[in-house]
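Novice: Following this message is one structure expressed as structure tokens.
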Amino acid sequence: MATGELVRMEHIYKNFGSVQALNDVTFTVGHREIVGLVGDNGAGKSTLIKILSGAHPATSGQIYFDGKPVEIKNTWDAIQLGIETIYQDSALVPQLSIARNLFLGREPLTGPKWLQRMDKRFMEEQTRKLLGDLGITKYINPDTPITSLSGGERQSISIARAMFFESRLIILDEPTNNLGVEETHRVLRFIHNARDRGLSCIFITHNIYHVFQVVDRIVVLRRGKKVCEADPKHTNIDDIEKVITGIYDTLPERSAG
Amino acid sequence: MEASSRLQKAMTAPSVRKLIAAPEFGPLVLLIVEIVVFSFLTSRRAASDPFFTIFPSFLSATNITNLLSFTPELGMIALGMTLLMTAGEFDLSVGSVFGFAAIVMWTFFNTGATSLEIGFVLAMLISVAIGFVNGWFVTRLRIPSFLVTLGMLLVARGSALYITDGFPQRTWNAGQSVLSAILVGEFSIGEVRIYASLIWFILFTIIMHYVLVHSKAGNWIQASGGNAMAAIARGVKVGRTKVLLFILSAMMSAYAGITSSIRVSAANPNSGDGYELEVIAMVVIGGTALAGGRGSILGTVLGVLILRVMRNGIVMVGVPGLAYKIFIGAIILGMMVLHSSIERRTGNGR
């Protein structure tokens, strides 16, 4: 890859007791690249992603970030590196306001340090600015609770949050689940924008039709193994589907490359 | 003219609507209604008295003194419980810790092992340990807080009974100690006698309201209860937050129990029995969600007052005290209907 790699996960193994969830998976994400990670239930997608986001450790294997070997022991390590994970429809705290969600875990403080007072004015200003950037047309107050927002608005805010804090890699777990057609398109457009601003994305989904619209590269896992990588421009959906379900072992020659 | 009425509407409507939609509004109205009704009922009874007096006995100095003596003690437990419940957990062991802490302090003192002050510090340290164990079981071993704190309820109560052989501890030589003056020293405002515990309660209320609403910790507490997964993914230390809140809850209970034992000059191994449910009732009446994510310290203070005024007022009016629980139950049910309807109206269809 000419642009170099942002993330390289090399020879990753993961065992849960006697179950081998991942078997020698090597997975990379380039700079400014959107990678679609697809596979059936239990293929190991979430396990791979949880290792990258620090939710649980790999049994063996090495992770490189920006070419340097790194150890990701917990979610905080991942966040420090600039890896932001957005789990399906649960990246936000529904009871909290947009502003409080935006700065959750990174609350700006004001006044004496021992008081630990949040700088609410700053939070509201920044949220208002961000909502403007998002192009959310109707007026939304920064102190609106998340429960009042639609699914697409929530996803957009999660992604915008990652962009706001200058994350370098956004991991999206089923971001288009439970969304309407219009909203799905908005979220997909949003992912494109994020890439254009210099972020990389991993897009995990069952819905390979959505993947095909936005990703630069598709990686297919089956039963804990990486079975193929493909460029969606030179592949058709049917072939990929057959690889996912195991009808094909890997991509046939005619569509590869 | 049309413009001015529109302006008027714009100025009043949103703030009024905001006030009514606030979860504390219902409890506030209920508390005011209670006070008005009990004042009215007790003054009418007084009117039938040969020594005619229109002043409601419910508002008499003696009764207010009574009301304000025990309320801060339950209130302190409720404050700790509010933060814990906002973080999505609750603590059934508060009543037992309330009784146990006082027993620990008095046992140390009565056996001559330590001074009262050292005994106090030791009892508080033991409560920290109890809270830590509760929190550790819940966050590390992922056992539901219902089961963990139910176990702790029995352990703490059992320990109190075992240590004392079931007999109350001697407490009468507390009078001259500095500790008792600090915790429950008395002073008077007019005819109303005030205990220092009320001052502490107000201070704790202010601190905890600040923590929940304005501090970073408050954001973490609400996030832990609202969506722990999302919070963890953002680097919020949900486990640590919950453990600290379990410790806070146990410390508040121990502090309240010790305060109570000095005030009533009795450390009974059975005291605090059943407080856990009363305190949880106070907290939910005040608008804190049982499932977590949303909590209000001001609501809790209102909830505490609602139940204490109800208990006191019912007796004053002449309803048998045994009927108290019927009213409490009715208040809880009514308030839950109110809170859920407000949530439906403001939460979703915006």
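Novice: Run down A:R195, A:R217, A:R189 and say which single residue is surrounded by fewer than 17 Cβ atoms within 10 Å (Cβ to Cβ) and basic (K, R). So that I can check it myself, show each step before the final result.
Specialist: Numbers: A:R195 fails: surrounded by fewer than 17 Cβ atoms within 10 Å (Cβ to Cβ); A:R217 fails: surrounded by fewer than 17 Cβ atoms within 10 Å (Cβ to Cβ).
Matching residue, one of A:R195, A:R217, A:R189: A:R189.
Novice: For residues in the stretch B:168-185 being touching a residue at least 24 places away in the same chain (Cβ under 8 Å) and in a helix (DSSP H, G or I), which is surrounded by the fewest Cβ atoms within 10 Å (Cβ to Cβ)? Full working, then the answer.
Specialist: Going residue by residue through the stretch B:168-185, those that are touching a residue at least 24 places away in the same chain (Cβ under 8 Å) are B:168-172, B:174, B:177-180, B:183-184.
Then keep just the ones that are in a helix (DSSP H, G or I); that gives B:172, B:174, B:178-180, B:183-184.
On the way: B:W172: 7, B:A174: 21, B:V178: 11, B:L179: 20, B:S180: 22, B:L183: 22, B:V184: 23.
Ranking the candidates gives B:W172 first.
Novice: Kindly indicate whether any position in the stretch B:21-28 is modelled with pLDDT under 75 and either out of contact with any helix residue (DSSP H, G or I) (no Cβ under 7 Å at 6 or more places or on another chain) or within 26 Å of B:V284 (Cβ to Cβ) (or both). Talk me through it step by step, then tell me what you get.
Specialist: Of the residues in the stretch B:21-28, the ones modelled with pLDDT under 75 are B:21.
Next, only the ones that are either out of contact with any helix residue (DSSP H, G or I) (no Cβ under 7 Å at 6 or more places or on another chain) or within 26 Å of B:V284 (Cβ to Cβ) (or both) stay: B:21.
Yes, the stretch B:21-28 contains a residue that is modelled with pLDDT under 75 and either out of contact with any helix residue (DSSP H, G or I) (no Cβ under 7 Å at 6 or more places or on another chain) or within 26 Å of B:V284 (Cβ to Cβ) (or both).
Novice: Can you spot a residue in the stretch A:148-162 that is over 22 Å from the mean Cα position of the chain (by Cα) and more than 26 Å from A:G30 (Cβ to Cβ)? It would help to see each step written out before you state the result.
Specialist: The first filter runs over the stretch A:148-162 and keeps only residues over 22 Å from the mean Cα position of the chain (by Cα), leaving A:148.
Still in the running and more than 26 Å from A:G30 (Cβ to Cβ): A:148.
Yes, that holds for at least one residue.
Novice: A:R121 passes all but one of (1) loosely packed, with under 14 Cβ neighbours inside 10 Å; (2) within 26 Å of A:V35 (Cα to Cα); (3) not polar (S, T, N, Q); which number fails?
Specialist: (2)
Novice: A follow-up question, please. Could you list, in sequence order, all residues of the stretch A:92-110 that are within 18 Å of B:G292 (Cβ to Cβ) and either assigned to a helix (DSSP H, G or I) or facing chain B (nearest Cβ under 8 Å) (or both)?
Specialist: Once the filter is applied, which keeps residues that are within 18 Å of B:G292 (Cβ to Cβ) and either assigned to a helix (DSSP H, G or I) or facing chain B (nearest Cβ under 8 Å) (or both), the stretch A:92-110 yields A:L92, A:V93, A:P94, A:Q95, A:L96, A:R100, A:N101, A:L104, A:G105.
Novice: Can you tell me which condition B:R234 does not meet? The list is (1) within 14 Å of another protein chain (Cβ to nearest Cβ); (2) touching a strand residue (DSSP E or B) at 6+ places or on another chain (Cβ under 9 Å); (3) farther than 20 Å from A:P145 by Cβ, and all the others hold.
Specialist: (3)
Novice: Using the structure shown, decide if A:N236 is surrounded by fewer than 17 Cβ atoms within 10 Å (Cβ to Cβ), touching a helix residue (DSSP H, G or I) at 6+ places or on another chain (Cβ under 8 Å) and not charged (D, E, K, R).
Specialist: Yes, satisfied.
Novice: I'd like the residue in the stretch B:285-339 that is modelled with pLDDT of 85 or more and hydroxyl-bearing (S, T, Y) and, out of all such residues, is nearest to the chain's Cα centre (by Cα).
Specialist: Checking each candidate, the answer is B:T300.
Novice: Can you find a residue that is surrounded by 24 or more Cβ atoms within 10 Å (Cβ to Cβ) and modelled with pLDDT under 95 anywhere in the stretch B:236-256?
Specialist: Yes: the stretch B:236-256 contains one or more residues that are surrounded by 24 or more Cβ atoms within 10 Å (Cβ to Cβ) and modelled with pLDDT under 95.
Novice: Condition first: out of contact with any Phe, Trp or Tyr (no Cβ under 7 Å at 6 or more places or on another chain) and facing chain A (nearest Cβ under 7 Å). Now tell me which residues in the stretch B:218-229 satisfy that.
Specialist: Within the stretch B:218-229, the first condition is being out of contact with any Phe, Trp or Tyr (no Cβ under 7 Å at 6 or more places or on another chain), and the residues that meet it are B:218-228.
Passing the criteria: B:N219, B:Q222, B:A223, B:G226, B:N227.
Novice: Further question: Among the residues of the stretch A:143-173, what is the count of those that are in a loop (DSSP other than H, G, I, E, B), within 14 Å of chain B (Cβ to nearest Cβ) and either charged (D, E, K, R) or buried (at least 19 other Cβ atoms within 10 Å of the Cβ) (or both)? Give the derivation first.
Specialist: Of the residues in the stretch A:143-173, the ones in a loop (DSSP other than H, G, I, E, B) are A:143-144, A:149-150, A:165-168.
Filter again for within 14 Å of chain B (Cβ to nearest Cβ), leaving A:143-144, A:149-150, A:165, A:167.
Still in the running and either charged (D, E, K, R) or buried (at least 19 other Cβ atoms within 10 Å of the Cβ) (or both): A:143, A:149, A:167.
Number satisfying all stated conditions: 3.
Novice: Applying the selection to the stretch A:78-129, what residues are polar (S, T, N, Q) and within 14 Å of the chain's Cα centre (by Cα)?
Specialist: Residues of the stretch A:78-129 polar (S, T, N, Q): A:80, A:85, A:88, A:90, A:95, A:97, A:101, A:110, A:116, A:126-127.
Answer for the stretch A:78-129, where residues must be polar (S, T, N, Q) and within 14 Å of the chain's Cα centre (by Cα): A:T85, A:Q88, A:S90.
Novice: Kindly indicate whether B:S159 is more than 11 Å from chain A (Cβ to nearest Cβ) and assigned to a helix (DSSP H, G or I).
Specialist: Values: more than 11 Å from chain A (Cβ to nearest Cβ): yes; assigned to a helix (DSSP H, G or I): yes.
Taking the combined requirement at face value, the residue satisfies it.
Novice: Continuing with the same structure: Helices (runs of 4 or more DSSP H) wholly in the stretch B:206-270 with at least 2 residues that are within 29 Å of B:V184 (Cβ to Cβ) - which ones?
Specialist: Values: elements: B:216-226, B:228-233, B:238-264.
In the stretch B:206-270, B:238-264 are the helices (runs of 4 or more DSSP H) which contain 2 or more residues that are within 29 Å of B:V184 (Cβ to Cβ).
Novice: Out of the stretch A:25-77, which residues are in a strand (DSSP E or B) and hydrophobic (A, V, I, L, M, F, W, C)?
Specialist: Residues of the stretch A:25-77 that are in a strand (DSSP E or B), as a first pass: A:25-30, A:34-38, A:60-65, A:68-70.
Across the stretch A:25-77, the qualifying residues are A:V25, A:F27, A:V29, A:I34, A:V35, A:L37, A:V38, A:I63, A:F65, A:V70.
Novice: To continue, here is another question. One residue is enough: does the stretch B:148-162 have a residue meeting the conditions more than 25 Å from the chain's Cα centre (by Cα) and either among the charged types (D, E, K, R) or under 27 Å from B:F246 (Cα atoms) (or both)? Break it down into steps so the answer makes sense when it comes.
Specialist: At the first step, the residues of the stretch B:148-162 found to be more than 25 Å from the chain's Cα centre (by Cα) are B:162.
Restricting the remaining residues to those that are either among the charged types (D, E, K, R) or under 27 Å from B:F246 (Cα atoms) (or both) gives B:162.
Yes, the stretch B:148-162 has at least one match.
Novice: I want to confirm something. Restricting to the stretch A:36-60 and keeping residues that are buried (at least 23 other Cβ atoms within 10 Å of the Cβ) and of a type in the set (V, I, T), which single residue is nearest to A:A78 (Cα to Cα)?
Specialist: Ranking the qualifying residues of the stretch A:36-60, first place goes to A:I51.
Novice: Considering each residue of the stretch B:195-214, count those that are over 24 Å from A:F103 (Cβ atoms), crowded, with 18+ Cβ neighbours inside 10 Å and either within 14 Å of chain A (Cβ to nearest Cβ) or not small (G, A, S) (or both), and give that number. First the steps, then the outcome.
Specialist: Step one: list which residues in the stretch B:195-214 are over 24 Å from A:F103 (Cβ atoms), which gives B:195-206.
Remaining after also requiring crowded, with 18+ Cβ neighbours inside 10 Å: B:195-197, B:200-201, B:204-205.
Next, from what is left, pick out any that are either within 14 Å of chain A (Cβ to nearest Cβ) or not small (G, A, S) (or both): B:195, B:200-201, B:204-205.
Going through the stretch B:195-214 one residue at a time, the tally reaches 5.
Novice: Which residues, counting only those in the stretch B:103-119, are under 27 Å from the mean Cα position of the chain (by Cα) and more than 15 Å from B:D165 (Cα to Cα)?
Specialist: Of the stretch B:103-119, the ones under 27 Å from the mean Cα position of the chain (by Cα) are B:103-107, B:116-119.
Once the filter is applied, which keeps residues that are under 27 Å from the mean Cα position of the chain (by Cα) and more than 15 Å from B:D165 (Cα to Cα), the stretch B:103-119 yields B:M105, B:L116, B:E117, B:I118, B:G119.
Novice: Given (1) more than 9 Å from chain A (Cβ to nearest Cβ); (2) part of a helix (DSSP H, G or I); (3) not aromatic (F, W, Y), identify the lone condition not met by B:S188.
Specialist: So the condition that B:S188 fails would be (2).
Condition check ((1) within 12 Å of chain A (Cβ to nearest Cβ); (2) farther than 23 Å from A:W114 by Cβ; (3) touching an Asp or Glu at 6+ places or on another chain (Cβ under 9 Å); (4) aliphatic (A, V, I, L, M)) across all residues:
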site	(1), (2), (3), (4)
B:K216	yes, no, yes, no
B:L244	no, no, no, yes
B:M251	no, no, no, yes
B:I262	no, yes, no, yes
B:E278	no, yes, no, no
B:M282	no, yes, no, yes
B:A289	yes, yes, yes, yes
B:R294	yes, yes, yes, no
B:L307	no, yes, yes, yes
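The values are calculated or read from the model by the stated rules, or taken from the named source; none is laboratory data. Since the structure is predicted, the reported quantities are computational estimates derived from the model, not experimental observations. Ideal geometry is used to build each Cβ from the backbone, glycine not excepted, and the neighbour counts take in all protein chains shown.
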